[in-house]
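Have a look at the structure below before the remarks.
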Amino acid sequence: MADTRRWRLARLDARDLAQIAVFAALIAALGVPGTLHLFGNSVPITAQTLGVMLAGSILGARRGFLACVVVILLVAAGLPLLAGGRGGLGVFAGPTVGYLLGWPLGALVIGWITERALPRYPLVLGFAANVVGGIAVVYAVGIPVQAWVSDVDSFVAAATASLTFLPGDLIKAAIATAVASQVHRAYPALAARRAQKAEAGDRS
Amino acid sequence: MTQAEIAVDRVTHRYGDRTVLEEVTVRLTEHRVGVIGANGSGKSTFARLLNGLVLPSAGTVTVDGLDTRRDGKAVRRKVGFIFTDPDAQIVMPTVAEDIAFGMRRLKLPEEQVRQRVAELIARFGLSGLEDHPAHLLSGGQKQLLALAAVLAPEPDILVCDEPTTLLDLRNTRRFSALLETLEQRVVLVTHHLELLENFDRVLVFDEGRLIEDTKPAVAVATYRKLMT
Amino acid sequence: MIGLYHPADSPLHRAPVGLKLAVLLGAMVVLFGVGGPVVVTVALVVTVVAYAVAKIPWRLGLAQLRPVLWVIGVAAGFHLFTSGPQHAAVVAGQLLVAVALAALLTLTTRVSAMLRVFETAARPFRPLGVDPARVALLLALTIRCVPLLINILGTVREARQARGVGRNPLALVTPAVVRALRTADELGEALAARGVDD
């Protein structure tokens, strides 16, 4: 579709801005302890990547991507929006920054795959999108960066990452898929919006 | 320029195949106009027509000679809009920033912006809260902030869609007292009938139609009968 | 949102953000590009002095390092076994200094000043359709939304507890997302009413 060429340039309207801001804020809010303890509060597993997956699965590629970019910019600006109240430029000098930088790409891929099927949302495809975008893509950025910054084998970095994050991330992908499926049913306007926008042309 | 008049001419509006307003024609020149009606009677859509948030499926809406379809931008500068939920209409992190938002968009000189922010903060009882995060305000304060922010760029008309529905009695009275002091023309959609006592004119909507257009006392009586 | 800024009166607080960012970038290039025990030792000393100059309490300074300690520990442990203690110390030192210096910039710079930097940095992308004013608006709007979303998650969780709906995370996340979308619709409408689309 012509969409793929256009998404970079089209102006964001008020509703786009609001949805991006709200999902960026959702990602941040999911990092606040106590807002959502899926796995108890002990493990360094946060619900924030769940927010990333939801942004891609629900808002689609472009807005999902931008929601993650906004979180990263605000973290860089010095707001403690990451799990455990982390934030600031220190995060970007640390070895795990690649996982954070992988978020927008992950959401982009999730959104891109999901948009192929919308307005339908087949669970298998949705789950695949969340695993590929939310896990594979995020790790594909995170692991090499971690390996490079701390000067270790990619294998060692990969092993550390998989052992710590993978089980939780798989559960999150499943949750994100189920939620997205319910939301797309409860809120069909979302999927329809792209078509409707193209149709409406220059409304204002 | 043209006369101060909101003209709604043979307006019909549909969402999909649901008709929410049907053949509404009305001209408003009064200082204060109230709008009442049951839930789903079309009054919220009517309010949204007046600043071009909703463009009619058929018919035209003009505000002081400006067509909402053609001159949307100018109409929105002229008509300020207050929503029901104060939380959802505060868009900036702090009180002062939210009040300044509209003026900064119009690229007014920063000196003037600051002066006007200070003035509105004092007038709306928000003194000392300039740099206060908006989310820490009380519900009533939030709606006062919304009002201050919308009035800051000096619109000619203020349209309010059930602005007091989420407020307690004291804040409702405070909000309505402030409305009474405005030199701006006001269109107030509300379920709080007592707020309309001193209004010049009240419209009653029912199932998408304008069924009564008269003095407050009469309109309120019609509405009460409708609700029984 | 106050952010991580630590207010104090120091040359580092007063220095322009652009300069601080440039120096930080330069330090990173030397630290990772040149590397070696001498550079790392010097950098370590410079960092400690810089924290002292910026009047950052030592507790707050150490707190900046806590989140990365475990990854740095893993890396150092790996190098200890593969290439010996000296290399392990250099790698760990590099990482600690990098994180500490970057964190120092955040501790001495107001969030608003950083947001202005982003707005400026967006300017060259104007031909690509990026509008710096909209970037600034989007960032501010998000800061405004964070407490709204924390509130939504809190309210939904309370409702779930009140109804005694088990531990099913779907019962929490789905309603929260639906409410988030509704909030977005209302905010979008409010932005449009205030002329954002004009």
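The values are calculated or read from the model by the stated rules, or taken from the named source; none is laboratory data. From a predicted model like this one, the values you see are computed outputs, not experimental measurements. In this analysis, Cβ positions are derived from the backbone assuming ideal geometry, glycine residues included, and neighbour counts consider all displayed protein chains. These area figures cover heavy atoms from the full protein model, side chains too; ligands, DNA and RNA do not enter into them. Shrake-Rupley method; radii C 1.70, N 1.55, O 1.52, S 1.80 Å.
What number of residues within segment C:112-136 are at the interface with another protein chain (Cβ under 7 Å from one of its Cβ atoms) and at pLDDT 90 or above? Break it down stepwise before answering.
First pass over segment C:112-136, keeping only residues at the interface with another protein chain (Cβ under 7 Å from one of its Cβ atoms): C:114-115, C:118, C:128-129, C:134.
Imposing the further condition that a residue be at pLDDT 90 or above reduces the set to C:114-115, C:118, C:134.
Count: 4.
Kindly indicate the residue of segment C:66-96 that is more than 8 Å from chain A (Cβ to nearest Cβ) and aliphatic (A, V, I, L, M) and also nearest to C:Ala8 (Cα to Cα) among those meeting that condition.
Here the answer is C:Leu96.
Take the residues in segment C:2-13 that are more than 14 Å from every other protein chain (Cβ to nearest Cβ) and within 17 Å of C:Val49 (Cβ to Cβ); name whichever of them is surrounded by the most Cβ atoms within 10 Å (Cβ to Cβ).
To start, the set of residues in segment C:2-13 that are more than 14 Å from every other protein chain (Cβ to nearest Cβ) comprises C:8-11.
Going one step further and asking which of them are within 17 Å of C:Val49 (Cβ to Cβ), we end up with C:8, C:10-11.
Values: C:Ala8: 13, C:Ser10: 15, C:Pro11: 10.
So the residue we want is C:Ser10.
Does C:Arg179 satisfy the criteria of being basic (Lys, Arg), touching a residue at least 24 places away in the same chain (Cβ under 8 Å) and surrounded by fewer than 22 Cβ atoms within 10 Å (Cβ to Cβ)?
Details: basic (Lys, Arg): yes; touching a residue at least 24 places away in the same chain (Cβ under 8 Å): yes; surrounded by fewer than 22 Cβ atoms within 10 Å (Cβ to Cβ): yes.
Yes; evaluated as a whole, the condition is true for this residue.
Residues checked against (1) among the aromatic types (Phe, Trp, Tyr); (2) within 14 Å of chain C (Cβ to nearest Cβ); (3) out of contact with any Gly (no Cβ under 6 Å at 6 or more places or on another chain):
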{"site": "B:Phe81", "(1), (2), (3)": "yes, yes, yes"}
{"site": "B:Pro86", "(1), (2), (3)": "no, yes, yes"}
{"site": "B:Gln112", "(1), (2), (3)": "no, no, yes"}
{"site": "B:Ala118", "(1), (2), (3)": "no, no, yes"}
{"site": "B:Ile121", "(1), (2), (3)": "no, no, yes"}
{"site": "B:Ser127", "(1), (2), (3)": "no, no, yes"}
{"site": "B:Leu136", "(1), (2), (3)": "no, yes, yes"}
{"site": "B:Lys142", "(1), (2), (3)": "no, yes, yes"}
{"site": "B:Ala149", "(1), (2), (3)": "no, yes, yes"}
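Would you point out the residue of segment B:8-19, among those that are buried (at least 17 other Cβ atoms within 10 Å of the Cβ) and touching an Asp or Glu at 6+ places or on another chain (Cβ under 9 Å), that is farthest from C:Ala190 (Cα to Cα)?
Per the criteria, the residue is B:Val11.
Which ones in segment B:67-79 are within 9 Å of chain C (Cβ to nearest Cβ) and either in contact with a Gly (Cβ under 6 Å, 6 or more places away or on another chain) or crowded, with 24+ Cβ neighbours inside 10 Å (or both)?
Residues satisfying the conditions are B:Gly72, B:Arg76, B:Val79.
Test of understanding: among C:Ala43, C:Ala50, C:Ala27, which residue is in contact (Cβ under 8 Å) with a residue 12 or more places away in the chain and farther than 16 Å from C:Leu95 by Cβ?
Details: C:Ala43 fails: farther than 16 Å from C:Leu95 by Cβ; C:Ala27 fails: farther than 16 Å from C:Leu95 by Cβ.
Step by step, each of C:Ala43, C:Ala50, C:Ala27 is checked, and only C:Ala50 is in contact (Cβ under 8 Å) with a residue 12 or more places away in the chain and farther than 16 Å from C:Leu95 by Cβ.
Taking into account only those residues within segment C:144-176 that are over 27 Å from A:Pro80 (Cα atoms) and charged (D, E, K, R), which is least open to solvent (accessible area, probe 1.4 Å)? Give the derivation first.
Applying the first criterion (over 27 Å from A:Pro80 (Cα atoms)) to segment C:144-176 yields C:159-168, C:171.
Filter again for charged (D, E, K, R), leaving C:160, C:163, C:167.
Numbers: C:Arg160: 42, C:Arg163: 178, C:Arg167: 192 Å².
Residue satisfying both the conditions and the ranking: C:Arg160.
Checking B:Leu129 against (1) in contact (Cβ under 8 Å) with a residue 60 or more places away in the chain; (2) not in a helix (DSSP H, G or I), which test does it fail?
Of (1) in contact (Cβ under 8 Å) with a residue 60 or more places away in the chain; (2) not in a helix (DSSP H, G or I), only one is false for B:Leu129: (1).
May I ask you to list the residues in segment C:144-198 that are more than 7 Å from chain A (Cβ to nearest Cβ), among the small types (Gly, Ala, Ser) and under 22 Å from B:Val95 (Cα atoms)?
Residues satisfying the conditions are C:Ala190, C:Ala193, C:Gly195.
I'd like to check which strands (runs of 3 or more DSSP E) are fully inside segment B:143-221 and have at least 2 residues that are touching a residue at least 60 places away in the same chain (Cβ under 8 Å) and over 12 Å from the mean Cα position of the chain (by Cα). Give the derivation first.
Values: elements: B:157-161, B:185-189, B:201-206, B:209-214.
Filter on segment B:143-221 gives B:201-206, B:209-214.
Take the residues in segment B:29-66 that are over 15 Å from B:Val189 (Cβ atoms) and among the aliphatic types (A, V, I, L, M), then tell me which one is surrounded by the fewest Cβ atoms within 10 Å (Cβ to Cβ).
B:Ala58
Hey, does segment B:2-19 have a residue that's farther than 30 Å from C:Leu149 by Cα and part of a helix (DSSP H, G or I)? Even if it seems obvious, please write down each step before you answer.
Here is the first cut: in segment B:2-19, the ones farther than 30 Å from C:Leu149 by Cα are B:2-14, B:16-19.
Filter once more, so that each one left must be part of a helix (DSSP H, G or I): none.
No: zero hits.
When the residues of segment C:31-63 are narrowed to those that are open to solvent by less than 30 Å² (accessible area, probe 1.4 Å) and on the phi > 0 side of the Ramachandran plot, which ends up modelled with the lowest pLDDT?
Residues of segment C:31-63 open to solvent by less than 30 Å² (accessible area, probe 1.4 Å): C:31, C:35-36, C:40, C:43, C:47, C:50-51, C:54, C:56, C:61.
Narrowing further to those that are on the phi > 0 side of the Ramachandran plot: C:35-36.
Details: C:Gly35: 80, C:Gly36: 86.
Result: C:Gly35.
Within segment B:98-115, count every residue that is under 21 Å from the mean Cα position of the chain (by Cα) and in a helix (DSSP H, G or I). Lay out the reasoning, then the answer.
Initially, segment B:98-115 is screened for residues under 21 Å from the mean Cα position of the chain (by Cα), giving B:98-103, B:105-106.
Restricting the remaining residues to those that are in a helix (DSSP H, G or I) gives B:98-103, B:105.
Selection size over segment B:98-115: 7.
Right, A:Leu123: modelled with pLDDT of 90 or more, surrounded by fewer than 21 Cβ atoms within 10 Å (Cβ to Cβ), over 14 Å from the mean Cα position of the chain (by Cα) and of a type outside the set (Gly, Ala, Ser) or not? So that I can check it myself, show each step before the final result.
On the way: modelled with pLDDT of 90 or more: yes; surrounded by fewer than 21 Cβ atoms within 10 Å (Cβ to Cβ): yes; over 14 Å from the mean Cα position of the chain (by Cα): yes; of a type outside the set (Gly, Ala, Ser): yes.
Against the criterion (modelled with pLDDT of 90 or more, surrounded by fewer than 21 Cβ atoms within 10 Å (Cβ to Cβ), over 14 Å from the mean Cα position of the chain (by Cα) and of a type outside the set (Gly, Ala, Ser)), A:Leu123 qualifies.
Considering (1) open to solvent by less than 10 Å² (accessible area, probe 1.4 Å); (2) within 9 Å of chain C (Cβ to nearest Cβ); (3) at pLDDT 90 or above, say which one A:Pro95 fails and leave the rest.
(3)
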